[in-house]
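What follows is a set of notes on a single structure, which appears directly below.
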Amino acid sequence: MNKKIFIALALILVFCGSALSQTGVKKKRPLPYEYGRVIIDNYSDKANLAPVVFEHWIHRSMFTCRVCHVDVGFAMKAGATGITAADNARGYYCGTCHNGKRVVDGKTVFQACSRKVNLEDEKRCVRCHSYGEKVASDFDFFKFSEPLPKERFGNGLDWEKSEELGLIKPASFLEGVSTSKGNAFVVQKDFALNPKVEGMPDIIFSHKKHTVWNGCELCHPEIFMGVKKGTVRYSMVDISQGKSCGVCHTTVAFPLTDCQRCHSKPVS
Amino acid sequence: MPTCLMRKGTRRNERGLLLLVLACGVLLLGNTASAQVYLPKPLPEPSEYGKVILDNYSTTGPGAVVFDHWLHRSKFTCRLCHVDVGFAMQAKATGIRASTNREGFHCGACHDGKKLFEGRPIFAACSDAANDQQCDRCHSLGKKGARKYEYKEFTAKFPKGFYGVNWEAAERSGVIKPVDFVEGLSVKKAPMRSREDFTIKAGYSWVHPINFSHEKHSIWNGCELCHPEIFPTAQKGTIHFSMFSNIEGRYCGACHGKVAFPLNNCQKCHPRGPLWAP
Amino acid sequence: MFKAKFKAKIIAVLLFMGLVGLCGMRAIGGPQSSAAQADHPAHETWRKEFDDVCSKTQDAMTFSQEELTDLIRRCDALLPQIKKLDESQKKVYMGRLRMCRGLYAYVLDAKRNEKK
């Protein structure tokens, strides 16, 4: 008798359970200036500050992905690094550049999270702790993006071409922090990945295009462990959930809706 | 017979019977509840189908917005709005504000007072200019006479089907020519070859298979409207969903329950009927 | 009574030896408290070693298996030194060392696989 009741309850739970998951729906496309926005909210609440809003587009125009995610050491998921005000004040993480001394593009970078905070500092704090607040930024997306080649999705900009043409010059070396100098990477040649679905164009993967921004250790081995091509199968389901290619190509690099950027080899 | 006078065996039997009745009752209730969910919702009038009420800031602004899909889908493909402009397909998910409209996003991507359609400039949405405010054309919930186009007159010449307009036939016959590219908004891309039609086996043996046509869908949607957000994989058989999910508004139900032909029209997908009949 | 006195003597001798030893260690630059690290030039050695080992990541593909093995060994040797750093430094450099060592191990794996 107990078994029957258990089965009945289980059935009801199953019917209710599937309503809670959120796949199979079309979400909004983030606006060009919103794409790549990261909200960091580990400890801001405890300090009575609004969560931090980090805009990728401002930073990636000045530095490669590698500088922040390898040399400085940020994780690739919001909240995963565990940045504290103390870390910043000591000159780590955000404080690596945001220390009131480092000069970038002729401007001194404002200090993040100083040890002693007084009332005048509030204006400085809200420059980052701005979630939900109306804070004027030094950087205007429209002005910034106007001269750059356009693309369909994400920030609406072709970052790859912008870097190629020299319209942006992201630095790959940070004085006092970075170890490797220069971009002379010896990498594999471009190669094709065959999709499982017949009729879909092959994916042409270019190591060169990726190492310009990432170096080697950003992806290997943590994001891509396989040493032999073909041993690890990447599915679009996994990628769209933020694994492998999806670590970058869902939130910061061009998104997955831009099919032809990867599936670019026509099927003969 | 009072329990104290019953024999032990019969008391156990009575308890067992009670439990059995309770269990059956629960199962029946559960089944009835789930059966309700397996049936598509009753349909509104065709003129109301696809109507979206945007009511995020109605208490502070000029009132709720009424968006009729029939007006826009006769002029543009689904892809243009849901991919290039970037509207979500769920209530409250896009985050449209007067400020984003004025910046040239969301509604303001076309409703900017400058872009031309059929030779005429499209009125600006949420315009700041005092003499150019046509707020009630969109913020029209409950307001009579505010809207320019009415369903009956507008769709009078369109071919009709099982329920309202047969959009597929309308597009095929050329009665409507939905625009898929807007200069300054869309980016030209190398076209991808559409896959052949294929059959999807239903999860239950007593349900007839579904005929799916990529071609019919990609006319309106391109590839990126569905892939990868609605259907994360193009490989058949890797994601499992049921009519339950469709009725909830996911997968096929993301469109076919709100805007595209409704799920009540079983034969459109299950050409031999939904249920197996000997 | 004799036993207690003897015990006290032993303890005194041991303490004295310990004190001498500690001073001696300081003189030759052995392990010190982290507070003193910032001032003492010896703390730079781990940083120099780290910079030397992990600056070669972009050339990883050109190294031989032996060179890669040696780099990995040097990374492993750095780990206990990094674990002794202050909270923020430790957090940052543990992550950086992990990525650096991980890459060398990955490339070594790839090369071994190639040979098969």
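All of the numbers you see were taken from the coordinates with simple rules; none came from a lab. Here the structure is a predicted model, which means the values were calculated and not measured. Backbone-built Cβ (ideal geometry, glycine too); neighbour counts: all protein chains shown.
Label the range C:39-116 by shape, choosing from rounded, prolate and oblate, from the square roots a ≥ b ≥ c of the eigenvalues of the Cα gyration tensor; if a/c is under 1.5 it is rounded, and otherwise prolate applies when a/b is larger than b/c, oblate when it is not. Prolate is the answer for the range C:39-116, as a/c is 1.5 or above and a/b outweighs b/c. By other beta-carbon atoms within 10 Å, ranking B:Leu18, A:Leu148 with the fewest at the front produces B:Leu18, A:Leu148. Put the Cα centre of the range B:146-211 next to the Cα centre of the range B:73-114 and the gap is 19 Å.
Just the number, please: Stokes-Einstein D of the range A:122-268 in µm²/s, Kirkwood Rh from C-alpha pairs, 37 °C, 0.692 mPa s.
Stokes-Einstein gives a translational diffusion coefficient of 181 µm²/s.
Among the trypsin sites (Lys or Arg not before Pro) in the range A:138-208, those placed in a DSSP loop whose Cβ has at most 16 other Cβ atoms within 10 Å are A:Lys181, A:Lys189, A:Lys196.
Helix-only mean residue ellipticity at 222 nm, the protein assembly as shown, DSSP H runs n ≥ 4 weighted -39,500 (n - 2.57), per residue, nearest 500. What is it? Helix-only estimate at 222 nm: -9500 deg cm²/dmol. A viscosity of 1.306 mPa s and a temperature of 10 °C, combined with the Kirkwood radius over Cα pairs in Stokes-Einstein, give a translational diffusion coefficient for the range A:27-152 of 101 µm²/s.
For the range B:198-268, the convex hull spanned by the alpha carbon atoms encloses 95 Å³ per residue.
For a 18 Å ceiling on Cα separation, which of these pairs sit above it: A:Lys26/A:Lys196; A:Lys27/B:Lys148; A:Lys161/C:Lys56; B:Lys75/B:Lys157; A:Lys189/A:Lys228?
A:Lys26/A:Lys196; A:Lys27/B:Lys148; A:Lys161/C:Lys56
Placing pseudo-labels 7 Å out from each Cα toward the beta carbon at A:Lys134 and A:Val117 gives an inter-label distance of 2.3 nm. This ranking places B:Val65, A:Val38, C:Val107 by how few other beta-carbon atoms lie within 10 Å of each, fewest first, which gives A:Val38, B:Val65, C:Val107. May I ask for the longest run of chain B untouched by chymotrypsin sites (Phe, Trp or Tyr not before Pro) that are loop-located per DSSP and have at most 16 neighbouring C-beta atoms (other than their own) within 10 Å? It works out to B:207-275.
Each distinct pair of alpha carbons in the range B:51-158 adds a 1/r term; the inverse of their mean, the Kirkwood radius, is 14.7 Å. Within the range B:166-217, which trypsin sites (Lys or Arg not before Pro) sit in a loop by DSSP and count at most 11 neighbouring Cβ atoms inside 10 Å? Taking the range B:166-217 and a limit of 11 other Cβ atoms within 10 Å, the loop trypsin sites (Lys or Arg not before Pro) found are B:Lys188. Calculated over chain A, the projected area of the Cα convex hull averaged across directions stands at 20.5 nm².
Across chain B, Cα-Cα pairs more than 33 Å apart make up 37 percent of the total. Under the criterion of Cα pairs below 8 Å and six or more residues apart, the relative contact order for the range B:51-158 equals 22 percent. The mean number of Cβ atoms from other chains found within 10 Å of a Cβ in peptide C:105-113 is 4, as a whole number. Computed from backbone phi with θ = phi - 60° and the Karplus coefficients 6.51, -1.76 and 1.60, the 3J(HN,Hα) list for the range B:78-92 is 4, 4, 4, 7, 8, 10, 5, 7, x, 5, 7, 10, 9, 4, 6 Hz; x is used for glycine and proline. What would the Debye formula give as log10 I(q)/I(0) at q = 0.12, 0.20, 0.26 Å⁻¹ for the alpha-carbon point model of the range A:184-268, no solvent? Each listed q maps to, in turn, -0.36, -1.08, -1.78. Calculated on the alpha-carbon coordinates, the convex hull of the protein assembly as shown measures out at 358 cubic angstrom per residue.
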